[in-house]
Amino acid sequence: MPGSRSIGTASTPTSPLVDPQLSLLTALRLLPLAREAATSFRALAPAAAVFRDRFPRLDAGAIDLAEEFPYLGAFLRDAEEFWQRGAVGSLKSGPWTQPDAHGRPCVLEATAVVGAGGAGTAPVLLLELLGTEFAELQAVMQNARQQRLDYEQLTKVHDALAESARQLHRMAEERGTAIAMLRAAREQLEDRVAERTVALGQSNRQLQAEIDARVRVNDDLLAHQQQLHILTEQLAAAEERQRREIAEFLHDRIGQSLAVAKMRLRSLREVAPTAGAQLDELDQLVDEVITDTRGLTADLGTPALYEFGLGEALDGLVRRFEQVHGITARFQDDGHVWHLGETERLFLYQTVRELLHNVVKHAEATLVVVGLRRNGTQIEVSVVDSGLGFDGSDFHFRVTADGGFGLFHIRERALHLGGECRVSSTPGQGTEVVVSVPATTTDSPTRP
């Protein structure tokens, strides 16, 4: 049964990028960062001067990027899935704006890539500062203002020396030429500033349009994901209704018909004593069909789940599992849990049933223990087997090709309900799967 005890973060190699790659990234004014923990990263190369001036903490060793750059919080969760898949290519965060250490606005963008490590691949994040043109434009404008001040000062000096212009006529002509050159340079500089201003405005408008487009795409994806969750719940509810209807039909129609048939056989035994052997055979066959029908009715309708609660339903499920498959099975209930809604109860029951099916299919186990307990504000069910196990460090939740309920679907439904799914396994030591959902608080603890 695939899984791992906890979904941890793989350790990052010391340098997932080689020196030529680091030199190229530094030349491109990109800052490569290697992940050390969930949101903790460390620079792989000294930060460029423009980074050190604006964000000095980037050279301070390990840094929490979600704290330094709040915009990256959601992006790092997407990057985590990208890194776990070991995908080829890159994943961009999209540009965002935030003030630097001096309060000046900066435009940045992050890119998630996969670097080559000693044991495979390692997560790497490239940080790029896009807003440097603004600072360069400020420097150009400051230089223009300084040149204008210099020109005004020269003009004042020229006016002050106008009184002695007759003796310094030649010097005045040379000065006039210099003034004309300064004027031409100033006009040229002003033209360049105006062109850069227009270009910067166009870039800003294009950037805003891209940001708006990304926001719309993200909103569409979130809406689509929510619709999928709703559809999943509706399909699960419809499936359960259909199962209950089939169970009721088996109980009310087929079960009663079999009971009547058994009574008719008894009547025939009295009127046809010579056919006793054949009637005994038919009576045994009817008993077997009645037993199979009752078992099928219990599997489809889960009546104990609605009449007695989750604990009793799981206890009955474990007993039937042991009888049918010959695998020793135990149920452990702490007897002190909180109330659950119908959706959560049905989900946990279906989860245990699917996990027991996986044990029979994959684990080759001789012992299975099913647990039901409260953990803080969560109600947990667990399935632990003594089977073959596997290397849990390489486990990923995936959609199964056979279309079964699957660990992927279990985790998705648990997350949608506000819970989680944890898997742990070791080769030769079995597997443990723990699934939890939030409990509804009541005045006193009750059985679910």
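The values are calculated or read from the model by the stated rules, or taken from the named source; none is laboratory data. All values derive from a computational prediction rather than experimental measurement. Counting neighbours? That spans all protein chains shown, and the Cβs are built from the backbone with ideal geometry, glycine included.
For (1) touching a residue at least 12 places away in the same chain (Cβ under 8 Å); (2) under 18 Å from Glu36 (Cα atoms); (3) not assigned by TED's automatic domain parsing to the domain that holds Ala37, each residue gets a yes or a no:
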| site | (1), (2), (3) |
| --- | --- |
| Ala60 | no, yes, no |
| Asp64 | yes, yes, no |
| Gly73 | yes, yes, no |
| Asp78 | yes, yes, no |
| Gly103 | no, no, no |
| Cys106 | yes, no, no |
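Conditions tested, residue by residue: (1) within 15 Å of Gly309 (Cβ to Cβ); (2) among the basic types (Lys, Arg); (3) in a helix (DSSP H, G or I).
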site: Thr343; (1), (2), (3): yes, no, yes
site: Phe347; (1), (2), (3): yes, no, yes
site: Thr351; (1), (2), (3): no, no, yes
site: His357; (1), (2), (3): no, no, yes
site: Lys361; (1), (2), (3): no, yes, yes
site: Ala365; (1), (2), (3): no, no, no
site: Val369; (1), (2), (3): no, no, no
site: Arg374; (1), (2), (3): yes, yes, no
site: Ile379; (1), (2), (3): yes, no, no
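Given the conditions (1) under 27 Å from the mean Cα position of the chain (by Cα); (2) outside any helix (DSSP H, G or I), and given that Arg330 satisfies all but one, which numbered condition is not satisfied? In the conditions (1) under 27 Å from the mean Cα position of the chain (by Cα); (2) outside any helix (DSSP H, G or I), Arg330 misses (1) alone. Applying the condition of being under 19 Å from Leu22 (Cα atoms) and β-branched (Val, Ile, Thr) to region 99-130 and asking which residue is modelled with the highest pLDDT yields Thr111.
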